Amino acid sequence: MIGPARTHYNFAARMGVMRSADGACARSTLRLDYGPCTDAAQDHEGELVRAVGYSRQGPARKVLQALELPLPQPAPGEARVRLMASGVNPADCNRRAGRGHPMPYELIVPHSDGAGVVEAVGREADIGWVGRRVWLYNAQRGRAMGTAAEHLCLELSLLAELPPQVSFDHGACLGIPCMTAWCALFEDGPLKGQTVLVTGGAGAVAHYAIQLAVHGGARVLSTASTPDKMRQAR
């Protein structure tokens, strides 16, 4: 499965700004480049981790700031993930901008989707997760802390193993759009032998819907507004 096209973001902690090459708020990834990850489960009390967050809503350039936060420790049933990429959804941008969303916490580290490596687990969690490459989702749903950080603790039920041939960038793009596509297609049962129409075939959700429907044995029709987008949909 191929991930959608996206804008790459630079994680510039020293400058305190997250910026995109074209200013777009489409489906994107934030690359977190800070050296090799470790497979060992280690607790580093007092260690600080870098993150990007905001304490007020507004335009990205005015409200996003570089942060140093205490290293989170996994609670029972949780895993701590060293994040290698953070998925940026339009919903994340809308929340940060204040479009239809209040400010539910004093400080928010945004983004619900991401990918990385499990480096520690809490009590009652399977130690076998340590060292696994994973993609994750719903990280910032009902929580202040999302994936725009070097480390995140999350319930194991919100993690899925990332195959070795799939990059962290692609893994971070799976969450919301891929799961939306899956639910829309298979909520009512198998698709084998059916015909599926996917509108806006170059969009992030449609991108996955086309591939999942074909994999499910369906005949897929799609629409697109330009020849270039039609090539993407194919």
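The values are calculated or read from the model by the stated rules, or taken from the named source; none is laboratory data. This structure is a prediction, so every number in the text was calculated from the model and none was measured. Cβ: placed from backbone, ideal geometry, glycine included. Neighbour counts: every protein chain shown. Side chains included, ligands, DNA and RNA excluded: accessible areas come from the protein's heavy atoms. Shrake-Rupley method; radii C 1.70, N 1.55, O 1.52, S 1.80 Å.
Observations, loosely collected:
- Condition check for L136: surrounded by 19 or more Cβ atoms within 10 Å (Cβ to Cβ) and among the aliphatic types (A, V, I, L, M): yes
- Annotation: of all residues in the stretch 199-227 being more than 21 Å from the chain's Cα centre (by Cα), at pLDDT 95 or above and in a helix (DSSP H, G or I), the one that is nearest to W182 (Cα to Cα) is A213.
- With respect to the conditions (1) loosely packed, with under 13 Cβ neighbours inside 10 Å; (2) modelled with pLDDT under 95, K192 lacks only one, and its number is (2).
- Within the stretch 123-157, the only residue that satisfies the criterion of being modelled with pLDDT of 95 or more and at positive phi is G131.
- Which listed residue is in contact with a Cys (Cβ under 9 Å, 6 or more places away or on another chain) and of a type outside the set (S, T, N, Q), from A181, A204, A218: A204
- Scanning the stretch 48-59 for residues that are outside any loop (DSSP other than H, G, I, E, B), open to solvent by 20 Å² or more (accessible area, probe 1.4 Å) and modelled with pLDDT of 95 or more yields a count of 1.
- Exactly one residue out of G87, G175 is surrounded by 23 or more Cβ atoms within 10 Å (Cβ to Cβ), closer than 18 Å to L64 by Cβ and touching a residue at least 60 places away in the same chain (Cβ under 8 Å): that is G87.
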